[in-house]
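A short reminder: the numbers here are calculations on the coordinates, not readings from a lab. All values derive from a computational prediction rather than experimental measurement. Every residue, glycine among them, receives a Cβ derived from its backbone with ideal geometry; neighbour counts consider all protein chains shown.
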Amino acid sequence: MEKFWYENWFDSKYYEILYEKRNYLEAKIFIHNICNHLNIKLNSKILDIGCGKGRHCFILSKKGLKVDGIDLSSRNINYAKNKEHKNCNFYVHNMINSFKNMEYDYVFNIFTSFGYFKTYQDNEKVFTSCVNNLKDDGIFVLDFLNLEYIIKNLIKSETKKVSKIEFDIKREITKNQIIKYINIRDYDKVFNYKEEVFKLSLKDFKEMANRQGLKIDNIFGDYKLNKFKPTESERLILIMKKLN
């Protein structure tokens with residue numbers, strides 16, 4: 001059976017090579033800012049959905065929080081377990097299914113760990129599963145790309161060189177998806193991967209939140225938590241509360 005794009009790409013060592021520096025710096029800034037904004041108390045229980053190698057989880061656990069991380073990639077989860085910190089647990093799990101119902105004070109889905117499925121309905125199932133993991137009055141933090149900004153500022157092609165590995169990147173926007181094609185040349189070896197993210201707007205997320213009984217408390221446009229501006233903000237960061 002053919003693998004989904006995210007199974008191939010996220011399990012590849014090249015994913016980490018391409019994004020490693022950006023992921024670490026942005027994660028540190030964002031986690032610090034969001035914890036301060038939410039005034040997260042010691043020993044709060046947090047679920048990080050699409051946790052990758054656990055980088056966000058480790059930052060959160062250092063703040064005295066109890067963190068579970070889930071990811072579809074067994075390679076990433078094994079890496080995270082080998083680096084395991086106090087108060088961190090990691091599990092292989094598909095985000096389309098609820099993990100532990102009504103277990104968590106906070107659920108994080110950050111750094112565009114959303115929109116991986118080909119239909120609106122399947123992506124809304126992921127949204128629903130995120131909410132199901134929350135206790136009543138719990139907070140769902142969703143960090144996604146800002147569709148309006150991406151459409152306006154799409155970089156159709158670029159080449160990056162990281163650790164002597166060449167990444168030739170091309171992007172296109174189709175009817176339903178934003179697609180990034182990543183062609184990699186590692187000395188005499190060539191690899192091809194892609195990323196596909198479903199086109200979801202603020203309006204789409206507002207409708208999903210309403211159907212799931214969530215109240216949107218704040219909308220931010222970057223990792224410094226500046227105000228969201230529809231045509232200028234690179235990110236769409238939603239802070240949503242589960243009403244009981």
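What the table shows:
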read-out: Of ASP186, ASP71, ASP11, the one that fluctuates the most in a GNM where the chain has Cα springs shorter than 10 Å; value: ASP186
read-out: Prolate/oblate/rounded label for region 1-141 (Cα gyration tensor, a/c 1.5); value: oblate
read-out: Net charge of Cβ neighbours under 15 Å - reference ASN210; Lys, Arg +1; Asp, Glu -1; value: +2
read-out: Candidates per trypsin sites (Lys or Arg not before Pro) in region 157-202, loop by DSSP, up to 12 other Cβ within 10 Å; value: LYS164, LYS175
read-out: The chain: angle of helix 120-132 to the longest principal axis, Cα-based, in degrees nearest 10; value: 40 degrees
read-out: Sum of side-chain charges, TYR15 neighbourhood, beta-carbon under 11 Å (Lys, Arg +1; Asp, Glu -1); value: -1
read-out: Hz values of 3J(HN,Hα) by residue in region 175-182 - Karplus curve (6.51, -1.76, 1.60), Gly and Pro given as x; value: 4, 10, 9, 9, 10, 10, 9, 10
read-out: Gap separating the Cα centres of region 195-209 and region 109-155, nearest whole Å; value: 6 Å
read-out: Residue of LEU60, LEU25, LEU47 that the Gaussian network model of the chain assigns the largest fluctuation, springs spanning Cα pairs under 10 Å; value: LEU25
read-out: Tilt relative to the chain, helix 202-211 - C-alpha long axis, 0 to 90 degrees, to 10; value: 40 degrees
read-out: Rg/Rh (Cα only; Kirkwood hydrodynamic radius) as it applies to the chain; value: 0.95
read-out: Neighbour-limited loop hits for trypsin sites (Lys or Arg not before Pro), region 65-117 (at most 11 other Cβ within 10 Å; DSSP other than H, G, I, E, B); value: LYS86
read-out: Cleavage-rule hits (GluC sites (Glu not before Pro)) in region 137-233: DSSP loop, at most 16 neighbouring Cβ within 10 angstrom; value: GLU232
read-out: Net +/- balance of residues flanking GLU158 in space, Cβ distance below 9 Å, scoring K and R +1, D and E -1; value: +3
read-out: Folded to 0 to 90 degrees: helix 13-38 orientation relative to the chain principal axis, Cα; value: 20 degrees
read-out: Spread of Cα-to-Cα distances over 5 Å intervals beginning at zero, given as percent, for region 150-195; value: 6, 20, 28, 21, 12, 9, 4, 1
read-out: DSSP bridge pairs, the chain: antiparallel proportion in percent, nearest 5; value: 70 percent
